[in-house]
Each structure stands twice: as structure tokens, then as C-alpha cells.
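Accompanying notes for the structure given below.
The values are calculated or read from the model by the stated rules, or taken from the named source; none is laboratory data. Note that this is a predicted model, so its numbers are computed, not measured. Virtual Cβ from ideal backbone geometry, glycine too; neighbours counted across all protein chains shown. Just so you know, the surface numbers come from the protein's heavy atoms only, side chains and all, with ligands and any DNA or RNA stripped out. Shrake-Rupley method; radii C 1.70, N 1.55, O 1.52, S 1.80 Å.
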Amino acid sequence: MLKSVLPENFLWGGAVAAHQLEGGWNKGGKGVSVADVMTAGRHGVPRQITDGVLEGYYYPNHEAIDFYSRYKEDIKLFAEMGFKCFRTSIAWTRIFPNGDDQEPNEEGLQFYDDLFDELLKYHIEPVITLSHFELPYHLVKKYGGFRNRKCIDFFVKFSETVMKRYKDKVKYWMTFNEINNQADTSMDFASFTNSGIKYEEGENREQTMYQAALYELIASAKVVKLGHEINPDFKIGCMLAFVPVYPYSCHPDDVMFSNEAMHNRWFFGDVHVRGTIPHYTKKYWERNGFEIEYTKEDEQILKEGTVDYIGFSYYMSKVVSAREVEGSQPDGEFGHTIRNPYVQASDWGWQIDPVGLRYSLNVLYERYNIPLFIVENGLGARDVVEEDGTINDDYRIQYFRDHITEMKKAVELDGVDLMGYTPWGCIDLVSAGTGEMEKRYGFIYVDKDNEGNGTLERRKKKSFEWYKHVIETNGEEL
Ligand code: P53
């Protein structure tokens, strides 16, 4: 064995989410989730959210890649790559089809028992997200999603049910996937997928967002506390979408502006890790006259339910300026962003910035000093199947090589405590943002297109053998 920079027990693997690959949307007693009422969009064209499942629309998550019936075959391929862990989520609607049901659905519980057994057969550790854009649609219709405090209890009940059931099979958990996406209130997508919220005409979106987010943070804290009681060995983390925001220039106003912009990320991390609502957020609420409801008891729970580690996704960085400058483009979250001239972007406009990963690992670890886990990273790209059936995704290999190199520097040179690395969409799946199949991330190709045509056949890409070797050498040979 080569001497390596990364710890021996480093969790190499891959990441997915139930709704993006399972399919079987109405099988085994599963209820309708928010993902089941979203149509396909594409770059620049948002996914439509329909009022329930309607005739005449194409819903890409309904079948997805049919992992629901093919998971044994797929896990075998993950095992062949040498995965130490596999990150997926539990579809809430398989367990509580409506979200407010009295009793859980045994068939759904059994499905995940079988899935986890299959992983453990190959010594692959399941890493489980409790809520990954999969809220029961019934909770949207009846309660208005997480704008309603009742959703705290529904989430806690769901989490308690699965944590008890799988307490000897699953050790690593995360509560809410990319909980901070909703900070961008300009997109209907983020509030709907995070919190099951459809904004109403004229409502103060930001106030609603903060209220829902706080309820989720309280729910998360309750689950962390409860989880540790169920099994003291559990490691329970949060999950942040970490998109660092750089200042456009050394103009002090730009530097200050980027600092303020980062509050959209830190708020969520600060509550999860420090257990208190940060001073800048309280001031922001006050200045804007937001009335956010929470009790003394909630504050106590936040303190008692701080997370064990920070799971985060890293795909890109952004650039902001306090002024309109050349190359500014409108951005819902910050008014406008600027195209970074020093980095390339993907076909979907995501700026590829490997150094930004090392930067992110540093700022997160400096701020919080608890273990970090990169639970998503990767390149969404169009792949071509050659005449001979091969898929030569050298661009993807290059992306991973560059990011893993920077990740290793953060560990070796900067001393960051890093638990593992799970590239996103290790098998091609439905894009969350656009609903496309052809925004591919996988080491494994799935024969299916944006309209839903294809055999669903699986095929190894060139990156498959490459990643296998990376794991074999614990990241030494890239
Ligand atoms: P897609 C926005 C920004 C960063 C990550 O995204 C994001 C999003 C939402 O689209 O989502 C995460 O599929 C998310 C996954 C998602 C993945 O990144 O839009 O946790 O569910 O698939 C990639 O290319």
C-alpha cells in the first residue's frame, strides 16, 4: 500500500438522492412527493411545478433510472469501483406516503432494509440524507409545507421511525439536503424543493423563507438529539450547498458586499453548528421588520442538537460586486454576479474552480472546527457514446483530478479534518435543477434521454476505471 495523504479509513464513494434515481414513484405504497409534480426544464428554462400529477405532462422522476428495481445490479458496479460508502436518501413518501400518516408503510421500510443489506454485503457504508427535496406533496397541499410549524413534528416522526429501524445498519446521517438553497428566494424551485413552499402573490418571500428555514433547523436539531439517544455511535451532520462568493475586486465595497453575501450561507451553518441564531441575522430581521416566530424552548433545542459534522456540496464559486460592472449578469440571490474570467464554466454555466474547493474546506474548518465531508462534487456534462460503445469522458476525469488534488492539499497542507468524498450522481440520474437526463454526472452511463426514451441499460464510462484506481490508491494516483 502506498503511503497516502488521506486517512486510511477515508470514505470514498458516490452520492445520489432517492427521487433522482429510484423511480417507482407509485410503487410499494409510495405517496406523491414534491419531486413527482415537477416537469423537465433545461438550462435557462425552469422546471414547472404542477398542481398534483396531471395528464399530458412528462415527469422525469416518475421512472428516473429505475434504481427501485435495479439496485442490486447497480450496487454491484459500485462495489467493483471499490466504494467504501454510498450516499442516498430515504424517500419520505415511501415511509409516510402523506407525511401525516399515523403508521409507517411497511413495504417502504422493507425496501430500505433490503437496499442497506445489499450495500453492507459489499462492506459499503450507507450515508443517509433524511430529506433530499422529497417532501410529501400532501404536506404542501394541506399545511403549506414548512411555513407551518406542524411539519417539524412530521419530520421528527419520520426521522425517528427510520433511525430506530436502521440503527444497526446506518451510522452516518444528514438532516436536510442543501438547506441553504432557499436563501435564493427569486427561484420557485428552491423554496419548493427545500420546504414545500409555493410563494403567494405579494407575500414577503424572504420573511417566509427565514421562518421555514428556522423550523427546519429546529426540526434538524431535534433529530440530532434524538438520533444520539437512539444510537450514541450515530454521526449526524447537516448538509450545505457551499458556493463561495468572491469579491470582484479589492474595492472595499466589493469585499464588504461579498462578506454580506456569504451570510446567506453562514446563517444555516452557524445555527447547525453553533446552535444559536447569528447576530447578523437577528439584525437583518430587525432592520427589515421580519417577525420570525420561535420560542425559548426552540432556542434550547438548537443548542442541544448541534451537528457532528458538516456535509457539503461543492460545484462552483460565484463572484459579486457592490456595483454594476462590465460582464454583470442578473442573479436572483445577489442582484447580479460577474463571470469569473480566470475559470471555465460548464455547459450549464457553473464555474469550474478547483481551488475554490480548497478555499471552502479552509473557511469551513476555520469557522467551525468539526469534521467535514464532501458529499457532492462533479461535472454535469453531455456524454457521447462512440460507435464502439465506449464513453470517453476525459473532461470529467480532469474535473475530478483537479478537485481531488486541491482536496488533498487542504488535508495535507492545511490540516483540515476530512471524512470522505462522494462525487455526485455516480450513476447518471435525473438532474435536480433542470430535470434533464442528459446533464450527466456518472461514472456509469444510463441509456435514457431527456424525453424518457432509452433502454435504461448501464454502461461503464472511461472515468469508471479511473475512479476505481483512485480509490485503490487512496487518492495517491490521479
Ligand atoms: P443539478 C443548485 C446549486 C448547487 C447544487 O445539480 C444544487 C443545486 C440545485 O440544482 O443541487 C445539488 O442536478 C443537489 C442535487 C443535484 C446536484 O446538486 O441541478 O443536492 O440533488 O442533483 C446537481 O445539476
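Take the conditions more than 16 Å from the ligand (Cβ to nearest atom), charged (D, E, K, R) and in contact with a strand residue (DSSP E or B) (Cβ under 6 Å, 6 or more places away or on another chain) and apply them to D308. Does it pass? Judged against the criteria, D308 is a match. Against the conditions (1) under 26 Å from P46 (Cα atoms); (2) open to solvent by 10 Å² or more (accessible area, probe 1.4 Å), R149 satisfies every one except (1).
Would region 364-380 turn up any residue that is surrounded by fewer than 21 Cβ atoms within 10 Å (Cβ to Cβ) and closer than 18 Å to G14 by Cβ? No. At least 1 residues being surrounded by fewer than 16 Cβ atoms within 10 Å (Cβ to Cβ) and over 19 Å from the mean Cα position of the chain (by Cα) is the threshold, and among the helices (runs of 4 or more DSSP H) wholly inside region 11-106 those reaching it are 67-81. Scanning region 381-406 for residues that are open to solvent by 40 Å² or more (accessible area, probe 1.4 Å) and within 16 Å of the ligand (Cβ to nearest atom), we see that the one that is farthest from the chain's Cα centre (by Cα) is Y395. For region 445-463, enumerate the residues that are assigned to a loop (DSSP other than H, G, I, E, B) and open to solvent by less than 30 Å² (accessible area, probe 1.4 Å). Result: K448, G452, L456, K461. Among the residues of region 347-376, just one is on the phi > 0 side of the Ramachandran plot and touching a residue at least 40 places away in the same chain (Cβ under 8 Å), namely G349. Residue count for region 407-444 satisfying the condition of being in a loop (DSSP other than H, G, I, E, B), aliphatic (A, V, I, L, M) and within 16 Å of the ligand (Cβ to nearest atom): 4.
Residues that are not charged (D, E, K, R) and not in a helix (DSSP H, G or I) were ranked within region 155-180; the one that is most open to solvent (accessible area, probe 1.4 Å) is Y172.
This table checks each residue for (1) more than 21 Å from the chain's Cα centre (by Cα); (2) closer than 22 Å to W173 by Cβ; (3) among the basic types (K, R); (4) within 16 Å of the ligand (Cβ to nearest atom).
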| position | (1), (2), (3), (4) |
| --- | --- |
| K282 | yes, no, yes, no |
| W285 | yes, no, no, no |
| E304 | yes, yes, no, no |
| P330 | yes, no, no, no |
| T337 | yes, no, no, yes |
| L357 | no, no, no, yes |
| Y365 | no, yes, no, no |
| N377 | no, yes, no, yes |
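Whether a residue is within 16 Å of the ligand (Cβ to nearest atom), touching a helix residue (DSSP H, G or I) at 6+ places or on another chain (Cβ under 7 Å), open to solvent by less than 20 Å² (accessible area, probe 1.4 Å) and within 23 Å of W25 (Cβ to Cβ) was assessed, and A183 does not pass this test.
In region 113-129, of all residues being part of a helix (DSSP H, G or I) and acidic (D, E), the one that is surrounded by the fewest Cβ atoms within 10 Å (Cβ to Cβ) corresponds to D117.
Sub-7 Å Cβ pairs linking a first residue in region 246-257 that is assigned to a loop (DSSP other than H, G, I, E, B) to a second residue that is of a type in the set (S, T, N, Q) and open to solvent by less than 90 Å² (accessible area, probe 1.4 Å), at least 6 apart or interchain, are Y248/S321; S249/S321, ordered by first then second residue. Scanning region 279-326 for residues that are among the aliphatic types (A, V, I, L, M), farther than 30 Å from V127 by Cα and either in contact with a helix residue (DSSP H, G or I) (Cβ under 7 Å, 6 or more places away or on another chain) or open to solvent by 20 Å² or more (accessible area, probe 1.4 Å) (or both) gives I292, V320, A322, V325.
Taking residues in region 324-346 that are within 20 Å of D184 (Cβ to Cβ), and partners anywhere that are open to solvent by 100 Å² or more (accessible area, probe 1.4 Å) and acidic (D, E), the pairs with Cβ atoms closer than 7 Å and at least 6 places apart or on different chains are H336/E324.
Note on region 1-46: among residues that are more than 12 Å from the ligand (Cβ to nearest atom) and at pLDDT below 95, the one that is nearest to V127 (Cα to Cα) is S4.
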